[in-house]
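The values are calculated or read from the model by the stated rules, or taken from the named source; none is laboratory data. In this text, all values refer to a predicted model and were calculated from it rather than measured experimentally. Cβ atoms come from the backbone with ideal geometry, glycine included; neighbour counts cover every protein chain shown. Ligands, DNA and RNA are excluded from the accessible area calculation, which covers all protein heavy atoms including side chains. Shrake-Rupley method; radii C 1.70, N 1.55, O 1.52, S 1.80 Å.
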Amino acid sequence: VIVNGLILAEDGTKMSKSLKNYPDPTIVIDKYGADALRAYLINSPVVRAEPMRFSEAGVREVVRSVMLPLYNAYAFFATYAAVDEWQPPAQASELASRPLMDRWVVSVAQSLVGEVNEKMEQYKLYDVIPAVLGFIDHLTNWYIRRSRRRFWKSDDSTDKQFAFETLYEVLCTFSRLLAPILPFIAEELYQRLEVGQREGALESVHLEMFPEVQPQWIDADVEASMHLVRDAVSLGRKVREQNKLPIRQPLAELKVAVSASGPGLPAGSEFVDYIRDELNIKTVTVVEDAQTLAQVTIKPNFRSLGKRLGKRMKPVAAALSKLPDGPQQVLLDGGTIEVAGEQIGPDDVMVQLSARG
């Protein structure tokens, strides 16, 4: 049984024809497009069977954050493909032979395919849109921005071919993935990218099979390391802003603390080069022990531990406040330790870090 919530007017009252306390749906669709309205509703509490206050500003935000960046990504590809008269190859190149950035975006796209399939099967439509939004950000604000020069220069024709091929594949996969969510722009992309361009293309994206995940194209380690890169770049920009040091001013060194467990940021790798380029740093030093840079304070997560421990909460909280560096590091690395006779994991604590100066 599928139950939707009530759509209320922006002030929280019931929508009423007599009061006319809602925007005309036809005008909203004409102004922003049916896809934007559809995405706004799918991403709302309504599909959780909860009430929502309809806001035209919310539909406008979907246009700004979803529709325009996605179309701009296509327009970027189409512009340079037309200049170079590029056509998709009959035989795709080996993914393993492509540069790191290409392998990363293909892996992220396939992870998204797996996640969307899983959420759709569970009918958790409200979890689909955030994942799609996140991918559009990866595609436009990281992959295309970092790869832009590869589409311009002609001294390395192989690298340029890899760039075109990768962006084409990702856009084609994404248009099929979007078909049930944003049916009109998905169709527009399919018609422009595949119909008449790819052998075997059908009349419509809505006649294609929904994409299934290709696990052999997913590299979890590459995705995790690139996630660390983007986090480091975001934090580095904040530090520069806080200290009024513009990006154009080069700095000598950046120290990044990364957990010893997991893929991390290998010294001398392209991942470290990305951080150096983005933040205009001469040397990036990866530190495995965060406590060399920050004072760590660990406090109990009362929401997690309260029900489980009850009266035993007090001695555990006292012991957590006096944890030595070793057990602290185990928790920071995602491990489990014993505190006052209780097993404590990362979800049971709140970690606060303060700069040593």
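Of note:
- Qualifying residue in segment 265-272 (condition: modelled with pLDDT under 95 and more than 22 Å from Ala96 (Cβ to Cβ)): yes
- Put simply, of Gln214, Gln249, Gln242 the only residue that is under 20 Å from the mean Cα position of the chain (by Cα) and open to solvent by 60 Å² or more (accessible area, probe 1.4 Å) is Gln214.
- Segment 127-166, residues that are touching a residue at least 60 places away in the same chain (Cβ under 8 Å), more than 27 Å from Asp231 (Cα to Cα) and open to solvent by 50 Å² or more (accessible area, probe 1.4 Å): Trp152, Gln161
- Screening Leu68, Leu8 for residues that are open to solvent by 60 Å² or more (accessible area, probe 1.4 Å) and of a type in the set (A, V, I, L, M, F, W, C) leaves exactly one candidate, Leu68.
- Residues being in contact with a Leu (Cβ under 9 Å, 6 or more places away or on another chain) and not polar (S, T, N, Q) - total across segment 1-21: 4
- Filtered by the rule that a residue be over 20 Å from Ala81 (Cβ atoms), in a loop (DSSP other than H, G, I, E, B) and either open to solvent by 30 Å² or more (accessible area, probe 1.4 Å) or in contact (Cβ under 8 Å) with a residue 40 or more places away in the chain (or both), segment 190-211 gives Leu202, Glu203, Glu208, Met209, Phe210, Pro211.
- Any helices (runs of 4 or more DSSP H) falling wholly within segment 89-174 and containing at least 3 residues that are among the charged types (D, E, K, R) and more than 15 Å from the chain's Cα centre (by Cα): 100-121, 145-152
- Residue count for segment 75-126, restricted to those that are within 14 Å of Leu139 (Cα to Cα) and either out of contact with any Phe, Trp or Tyr (no Cβ under 9 Å at 6 or more places or on another chain) or open to solvent by 30 Å² or more (accessible area, probe 1.4 Å) (or both): 3
- Yes/no for Thr13 being of a type in the set (S, T, N, Q) and either buried (at least 18 other Cβ atoms within 10 Å of the Cβ) or farther than 25 Å from Leu189 by Cβ (or both): yes
- Residues located in segment 228-237, provided they are at pLDDT 95 or above and open to solvent by 60 Å² or more (accessible area, probe 1.4 Å): Arg237
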